[in-house]
Ligand SMILES: [Cu+2]
């Protein structure tokens, strides 16, 4: 008799145990989703006004979709927020770090070389949220210059401020993880440069945009690199086409930026 009861009850016990654990797992999941800030929850209000001289004052207000400011950020690559500014024709590039005023508001001034359209790209990470990128096209008042065509480089060796920087890639194919390798030599002496200083917590910083300025690629410096002459970065191009790459390095407290235009098959 007792054996029959046990046989009857065992499946019931198992069922209820499963039910309970499923439920608590679901609850945990819901709690996690409700507190973690994901990119879709966040919007940026951009404001641009004239400041002193030729400068413009840029303001970014970072808000959740319900209008509540995001007011707590984690530092990534040594800064709370990274702002990239690129002209429509990709001829102008700037990478700056707006000051945090609190309550989701960031502010900085910038001198735009001409009027016209610019792309603003902000990288940041809300505390207890995902790293995210928010972008916008903005119109800057002022006289416009003829746009400079984006032309694929025949030669991927460029010299800026006496630093000769050669770019080599292990592949020019889309949808494939690949490595960008920069090799830096002194233009005057031909000697390898080995005194790169850490810049934003890495050997250097790389920004990649598609020719139309619409696609912004995430690029990671390979960790644990020294101070030159080689610097390695990993990325993946989402589709074939023309891309502009800007690499930034620091020597003797000075940052220099080297641009390249490549074609990915
Ligand atoms: Cu930055």
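Derivation of every value follows stated rules applied to the coordinates shown; laboratory data play no part. For clarity, every value in this text was computed on a predicted model and none was experimentally measured. Heads up, the Cβs are rebuilt from the backbone with ideal geometry, glycines too, and the neighbour counts pull from every protein chain shown.
Quote the Stokes-Einstein diffusion coefficient, in whole µm² s⁻¹, for the range 101-143, based on the Kirkwood radius over alpha carbon pairs, a temperature of 25 °C and a viscosity of 0.890 mPa s. Before the final figure, lay out the partial values.
Numbers: Rh = 12.6 Å.
Translational diffusion coefficient: 195 µm²/s.
Assign one of three labels to the range 114-169, namely rounded, prolate or oblate, based on the Cα gyration tensor with a ≥ b ≥ c the square roots of its eigenvalues; rounded applies when a/c is under 1.5, prolate when it is not and a/b is larger than b/c, and oblate otherwise.
oblate
Between residue 93 and residue 137, what length in nm is gained on full extension when 0.36 nm per residue of separation is reduced by their alpha carbon distance? Write out the running numbers ahead of the final one.
Working: separation 44, 0.36 × 44 = 15.84 nm, distance 1.41 nm.
Gain in length upon complete extension: 14.4 nm.
List 95, 218 from most exposed to least, where exposure is judged by having the fewest other Cβ atoms within 10 Å.
Values: 95 18, 218 13.
Fewest-to-most ranking of 95, 218: 218, 95.
Run the quick spin-label model on residue 152 and residue 59: label points 7 Å from Cα toward the beta carbon, then report their separation in nm to one decimal.
The modelled label-to-label distance comes out at 4.5 nm.
What Kirkwood Rh does the range 82-185 have if only Cα atoms enter the pairwise 1/r average? Answer in Å. If you can, show how the numbers build up before the last one.
Numbers: mean 1/r = 0.0591 Å⁻¹.
Computed over Cα pairs of the range 82-185, the Kirkwood hydrodynamic radius comes out at 16.9 Å.
Mind checking the angle between helix 2-35 and the chain's longest principal axis? C-alpha axes, 0 to 90 degrees, to the nearest 10.
Between helix and principal axis, roughly 30 degrees.
Could you check how many percent of all C-alpha pairs in the chain are farther apart than 30 Å?
On the way: 14907 of 34980 pairs.
Percent of Cα pairs beyond 30 Å in the chain: 43.
Using a ≥ b ≥ c from the Cα gyration tensor of the range 39-140 (square roots of the eigenvalues), is it rounded, prolate or oblate, where a/c under 1.5 gives rounded and otherwise the larger of a/b and b/c decides, a/b for prolate?
Working: a/c = 1.82, a/b = 1.71, b/c = 1.06.
Prolate, since a/c reaches 1.5 and a/b exceeds b/c.
Using only DSSP helix segments of four residues or longer, with each worth -39500 (n - 2.57), what per-residue ellipticity at 222 nm results for the chain after dividing by its residue count and rounding to 500? Don't jump to the answer; show the numbers that get you there.
Numbers: 1 runs with 34 residues, N = 265.
About -4500 deg cm²/dmol.
What number, in percent, do you get for the relative contact order of the chain if the mean sequence gap of Cα pairs under 8 Å and at least 6 apart is divided by its residue count? Walk me through the intermediate numbers first.
Working: 530 pairs, mean separation 35.7, N = 265.
Here the relative contact order equals 13 percent.
Mind running the shape call on the range 127-236? Use the C-alpha gyration tensor, a ≥ b ≥ c as the square roots of the eigenvalues: rounded below 1.5 for a/c, prolate if a/b tops b/c, oblate otherwise. Please list the in-between numbers first.
On the way: a/c = 1.63, a/b = 1.24, b/c = 1.32.
It is oblate, given that a/c is not under 1.5 and a/b is not larger than b/c.
Any chance you could run the full-extension gain for residue 38 through residue 174? It's 0.36 nm times the residue separation minus the Cα-Cα distance, nm to one decimal. Could you put the intermediate results ahead of the total?
Working: separation 136, 0.36 × 136 = 48.96 nm, distance 2.71 nm.
Fully extending the segment from residue 38 to residue 174 adds 46.3 nm.
Take residue 160 and residue 255, extend 7 Å from each Cα along the Cα→Cβ direction, and tell me the distance between the two endpoints in nm.
Output for this residue pair reads 1.0 nm.
I'd like the Kirkwood hydrodynamic radius of the range 31-93, using the inverse of the mean 1/r over distinct C-alpha pairs, in Å.
Working: mean 1/r = 0.0692 Å⁻¹.
Kirkwood radius, the range 31-93: 14.5 Å.
Show me the ranking of peptides 149-161, 129-141 by mean Cβ neighbours inside 10 Å, starting with the highest. Numbers along the way, then the final one.
Values: 149-161: 12.2, 129-141: 14.8.
Order by mean packing, descending: 129-141, 149-161.
Contour minus end-to-end for residue 107 and residue 242, with contour as 0.36 nm per residue of separation and end-to-end as the Cα-Cα distance? Mind showing how you got there, number by number?
On the way: separation 135, 0.36 × 135 = 48.60 nm, distance 3.23 nm.
Length gained, residue 107 through residue 242: 45.4 nm.
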